[in-house]
Amino acid sequence: MMKVSELLGKPIISLYGAISLGSAADIIFDSKLKKAKFIKVYSVDDETFYINICNIKSLATDALAIANSNKLLHKNEFSFDNGTNNPINSSVYSVDGKLIGTVKDIILNKTTVETILTDDKELTANNIVAISDGIIVYNDTNRPFRATAPRKTNSKLEIDNCSDVALPKLVRIKQPFISNPNLSTLYGFLLGKINS
């Protein structure tokens with residue numbers, strides 16, 4: 001077993017070329033925080049690469065070893081939509097909304113997340129309900145919990161569903177017509193009639 005904090009900063013070497021490829025900068029997990037998927041690598045040339053964690057031959061104490069450098073994915077080639085960034089420093093909340101703590105480290109068993117270490121607690125990865133950037137929801141109760149997705153709603157405004165909303169009625173105000181005999185003489189040029 002290894003802590004994520006112990007992996008970060010380690011040099012990554014190619015066994016075939018016996019060259020240093022850079023150092024481990026971050027770890028990307030799957031969307032449920034069950035498995036580590038990729039390691040983000042900063043190369044000696046200040047470029048960013050990614051390695052699938054399955055391509056790492058050895059997680060030795062001194063370096064991470066891969067077979068050869070063609071296992072590296074350039075940042076322009078990398079696409080992992082169903083993943084989450086490293087959750088270290090994320091807040092952990094219970095399903096009741098109580099702050100449990102802040103993630104300080106994660107313990108991996110090869111690629112599987114075993115334990116999440118917070119300020120003063122060790123949390124099992126099996127009880128994670130949801131995760132996003134910066135927040136983890138954790139089931140710390142002894143009862144099963146399942147978060148429900150929001151229902152899809154019709155985006156059109158339905159008047160029938162708004163029966164409790166008071167809509168203004170169109171009111172016509174009748175004004176009496178005021179006849180002015182001088183109006184036709186004063187404004188006769190507008191009507192095409194010229195009176196002198």
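Every listed requirement among (1) among the acidic types (Asp, Glu); (2) over 17 Å from ALA25 (Cβ atoms); (3) outside the structural domain of ILE19 (by TED's automatic domain parsing) is met by ASP62 save one, (3).
For region 120-130, enumerate the residues that are within 15 Å of ARG146 (Cβ to Cβ) and not polar (S, T, N, Q). Matches in region 120-130: ILE128, VAL129, ALA130. Pick from region 77-96 the residues that are at pLDDT 90 or above and of a type in the set (S, T, N, Q): which of them is surrounded by the most Cβ atoms within 10 Å (Cβ to Cβ)? Out of the qualifying residues, it is SER90. Taken residue by residue, region 58-67 has no member that is surrounded by fewer than 18 Cβ atoms within 10 Å (Cβ to Cβ) and within 19 Å of ASN126 (Cβ to Cβ). Among the residues of region 111-131, those that are in contact with a strand residue (DSSP E or B) (Cβ under 8 Å, 6 or more places away or on another chain) and not aliphatic (A, V, I, L, M) comprise THR111, THR112, GLU114, THR115, THR118, ASP119, ASP120, LYS121, GLU122, THR124, ASN127.
Of the residues making up region 60-96, those that are aliphatic (A, V, I, L, M), touching a residue at least 40 places away in the same chain (Cβ under 8 Å) and farther than 23 Å from ASP46 by Cα number 3. Restricting region 97-133 to residues that are among the acidic types (Asp, Glu) and free of Cβ contacts under 8 Å to residues at least 40 places away in the same chain leaves a set whose member that is surrounded by the fewest Cβ atoms within 10 Å (Cβ to Cβ) is ASP120. Identification of strands (runs of 3 or more DSSP E) wholly contained in region 1-79 with 1 or more residues that are of a type in the set (Ser, Thr, Tyr) yields 11-14, 19-30, 36-42, 48-52, 56-59.
Give the residues of region 27-54 that are among the acidic types (Asp, Glu) and either exposed (fewer than 15 other Cβ atoms within 10 Å of the Cβ) or modelled with pLDDT of 90 or more (or both), sorted by residue number. Walk me through how you get there before you give the answer.
Keep residues of region 27-54 that are among the acidic types (Asp, Glu), which gives 30, 45-47.
Correct list: ASP45, ASP46, GLU47.
The values are calculated or read from the model by the stated rules, or taken from the named source; none is laboratory data. What you see is a predicted model; the values in this text were computed from it and never measured. Methodologically, a virtual Cβ is constructed for each residue, glycine included, from the backbone with ideal geometry; neighbour enumeration extends over all protein chains shown.
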